[in-house]
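To keep things clear, I will list the structure first and then write my remarks on it.
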Amino acid sequence: MNFLDTLKQSPFLLYDGPMETRIEYGTSIKLDPDVAIFKLIYQAEGQAALRKLYQTDIEAAARYHAPIILNAPTWRASPAHIKRAGYKDKNSVETINRDCIRFVKQIRNQYPHNTIFITAPIGPELTDYKADLKFTIDEAAKYHELQAKAVAKEGVDIISIAAMPGMIETIGCAKAVAETGLPYSVGVVLNKDGTLLDGNYFKDLIKRIDETISPKPNFYVISCTHPSNAQSALSDHDPRYRRILGIKANGSSKSVKELLTAGQPIADKPDVFADELVALGKQYHFKIYGGCCGTDHRHLEALARKLTEIR
């Protein structure tokens, strides 16, 4: 069964946990300021660390017979980040995205009896969740086009525009990804008042993308946002929120800035996190659940257990 059929028929799916923070705080590996984990697939220690995290998440989902979506380590594998990482070859974007996706496909092949899908996340051009206010929509589309084409060439089950902070870049990225013809989702970070980090409202972004980009996204996702903050953001119950099907939630309600400077993972206890996230999802009819900053496999397993209990 393909991804979209599974999404339609399964009561829920899981996202894997955050690779970046678990690498940064749970191993001796130190990431660069861009948090460019794509570099790890070219290091023996990095490969081993990533493989262990993916396998742990797969096995947590398998205990509850839950489908899981693995995020290939491509979130920072776009031109600006790759250039800052020291890759100069003009074909680096295609090569790195290809290698990241193949790495995760090899892991999936070790679990032939599990329902595992692969997504390639595409993230913002700037670091620290800053919106690039220089971009026009067409400029943003041109910037993200190289990565979108590279991902499409290698092939994934769905492309995830992930943890975007600003409206213009998100629209441009959606324009580039839509051209690939693959299924795709759009994910943004939210403030408590329902705005993106650049101050534009999420509901307005949904409207603009759905009305101007063809094909429009298969669904929208809340990224890197604690359940309590997401609850506040969606409190006006705008009908456009029906397009949201997933959430990859932070473990703490602290701001993105506070989490970036904390120097350690901060998260609610797994059962508390799962209860709050599932209650939010039930209210808004979400289908896909996962943890982001601060969470680990324990939060994922608590989610799987809770979702199975109410299935």
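Here is a yes/no grid of residues against (1) touching a residue at least 24 places away in the same chain (Cβ under 8 Å); (2) under 17 Å from A304 (Cα atoms); (3) assigned to a helix (DSSP H, G or I); (4) touching a helix residue (DSSP H, G or I) at 6+ places or on another chain (Cβ under 8 Å):
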{"residue": "K8", "(1), (2), (3), (4)": "no, no, yes, no"}
{"residue": "D32", "(1), (2), (3), (4)": "yes, no, no, yes"}
{"residue": "D57", "(1), (2), (3), (4)": "yes, yes, yes, yes"}
{"residue": "A60", "(1), (2), (3), (4)": "yes, yes, yes, yes"}
{"residue": "Y87", "(1), (2), (3), (4)": "no, no, no, yes"}
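Determine, yes or no, whether E59 is of a type in the set (D, E), at pLDDT 95 or above, within 22 Å of Y289 (Cβ to Cβ) and surrounded by fewer than 16 Cβ atoms within 10 Å (Cβ to Cβ).
Numbers: of a type in the set (D, E): yes; at pLDDT 95 or above: yes; within 22 Å of Y289 (Cβ to Cβ): yes; surrounded by fewer than 16 Cβ atoms within 10 Å (Cβ to Cβ): yes.
So E59 fits the description; yes.
Can you find, within the range 133-142, the residue that is nearest to A176 (Cα to Cα) among those that are surrounded by fewer than 19 Cβ atoms within 10 Å (Cβ to Cβ) and either out of contact with any helix residue (DSSP H, G or I) (no Cβ under 9 Å at 6 or more places or on another chain) or without any contact (Cβ under 8 Å) to a residue 40 or more places away in the chain (or both)? Give the derivation first.
Quick first cut of the range 133-142, residues surrounded by fewer than 19 Cβ atoms within 10 Å (Cβ to Cβ) only: 133-134, 136, 138-139, 142.
Next, only the ones that are either out of contact with any helix residue (DSSP H, G or I) (no Cβ under 9 Å at 6 or more places or on another chain) or without any contact (Cβ under 8 Å) to a residue 40 or more places away in the chain (or both) stay: 134, 136, 138-139, 142.
Details: K134: 18, T136: 13, D138: 9, E139: 10, K142: 7 Å.
Ranking the qualifying residues of the range 133-142, first place goes to K142.
When only residues in the range 272-311 that are among the small types (G, A, S) and buried (at least 21 other Cβ atoms within 10 Å of the Cβ) count, which is modelled with the lowest pLDDT?
Here the residue is G294.
If I filter the range 287-311 down to residues being free of Cβ contacts under 8 Å to residues at least 60 places away in the same chain and either assigned to a strand (DSSP E or B) or out of contact with any Asp or Glu (no Cβ under 7 Å at 6 or more places or on another chain) (or both), which single residue comes out as farthest from A66 (Cα to Cα)?
Initial filter on the range 287-311 (free of Cβ contacts under 8 Å to residues at least 60 places away in the same chain): 298, 302, 306, 309-310.
The next check asks that each one be either assigned to a strand (DSSP E or B) or out of contact with any Asp or Glu (no Cβ under 7 Å at 6 or more places or on another chain) (or both); those that pass are 298, 309-310.
Details: R298: 15, E309: 12, I310: 13 Å.
Looking at residues that are free of Cβ contacts under 8 Å to residues at least 60 places away in the same chain and either assigned to a strand (DSSP E or B) or out of contact with any Asp or Glu (no Cβ under 7 Å at 6 or more places or on another chain) (or both), I get R298.
Among the residues of the range 192-207, is any polar (S, T, N, Q) and either within 25 Å of V35 (Cα to Cα) or crowded, with 17+ Cβ neighbours inside 10 Å (or both)? Write out each step before concluding.
So the first thing to find is which residues in the range 192-207 are polar (S, T, N, Q), and the list is 195, 200.
Next, from what is left, pick out any that are either within 25 Å of V35 (Cα to Cα) or crowded, with 17+ Cβ neighbours inside 10 Å (or both): 195, 200.
The answer is yes; a qualifying residue exists.
Can you confirm whether the range 204-226 contains a residue that is part of a helix (DSSP H, G or I), modelled with pLDDT of 95 or more, under 20 Å from G123 (Cα atoms) and touching a Ser or Thr at 6+ places or on another chain (Cβ under 7 Å)?
yes
Yes/no matrix, rows are residues, columns are (1) charged (D, E, K, R); (2) under 27 Å from S228 (Cα atoms); (3) touching a helix residue (DSSP H, G or I) at 6+ places or on another chain (Cβ under 6 Å):
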position	(1), (2), (3)
K153	yes, no, no
D157	yes, no, yes
N191	no, yes, no
T195	no, yes, no
I209	no, yes, yes
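For residues that are under 20 Å from A62 (Cβ atoms) and of a type outside the set (S, T, Y), scanning just the range 12-36, find the one that is surrounded by the most Cβ atoms within 10 Å (Cβ to Cβ).
Looking only at the range 12-36, we keep the residues that are under 20 Å from A62 (Cβ atoms), and these are 12-19, 22.
Subsequent filtering for residues that are of a type outside the set (S, T, Y) retains 12-14, 16-19, 22.
Details: F12: 22, L13: 23, L14: 25, D16: 24, G17: 28, P18: 25, M19: 23, R22: 24.
Among residues in the range 12-36 that are under 20 Å from A62 (Cβ atoms) and of a type outside the set (S, T, Y), the one surrounded by the most Cβ atoms within 10 Å (Cβ to Cβ) is G17.
Out of the range 257-266, which residues are assigned to a loop (DSSP other than H, G, I, E, B), touching a residue at least 24 places away in the same chain (Cβ under 8 Å) and either out of contact with any Phe, Trp or Tyr (no Cβ under 9 Å at 6 or more places or on another chain) or crowded, with 22+ Cβ neighbours inside 10 Å (or both)? First the steps, then the outcome.
Within the range 257-266, the first condition is being assigned to a loop (DSSP other than H, G, I, E, B), and the residues that meet it are 261-266.
Now narrow it down to the ones that are touching a residue at least 24 places away in the same chain (Cβ under 8 Å): 264-266.
The answer is I266, and nothing else.
Counting only residues that are under 18 Å from the mean Cα position of the chain (by Cα) and of a type in the set (D, E, K, R), which one in the range 22-38 is nearest to I288 (Cα to Cα)? Give the derivation first.
Initial filter on the range 22-38 (under 18 Å from the mean Cα position of the chain (by Cα)): 22-24, 34-38.
Of the ones still in play, those that are also of a type in the set (D, E, K, R) are 22, 24, 34.
Details: R22: 21, E24: 25, D34: 27 Å.
My answer is R22.
Give the residues of the range 227-244 that are assigned to a loop (DSSP other than H, G, I, E, B) and crowded, with 17+ Cβ neighbours inside 10 Å, sorted by residue number.
Within the range 227-244, L234 is the sole residue that qualifies.
Could you list, in sequence order, the residues of the range 138-167 that are among the aliphatic types (A, V, I, L, M) and either in a strand (DSSP E or B) or over 16 Å from the mean Cα position of the chain (by Cα) (or both)?
Initially, the range 138-167 is screened for residues among the aliphatic types (A, V, I, L, M), giving 140-141, 146, 148, 150-152, 156, 158-159, 161-164, 167.
Passing the criteria: A140, A141, L146, A150, A152, I158, I159, I161, A162, A163, M164, M167.
Only residues that are surrounded by 17 or more Cβ atoms within 10 Å (Cβ to Cβ) and of a type in the set (K, R): list them for the range 92-107, please.
Selection gives R98 alone.
The values are calculated or read from the model by the stated rules, or taken from the named source; none is laboratory data. Everything quoted here is computed from the prediction, not taken from an experiment. Because the Cβ atoms are built from the backbone with ideal geometry, glycine has one as well, and the counts that use them run over all protein chains shown.
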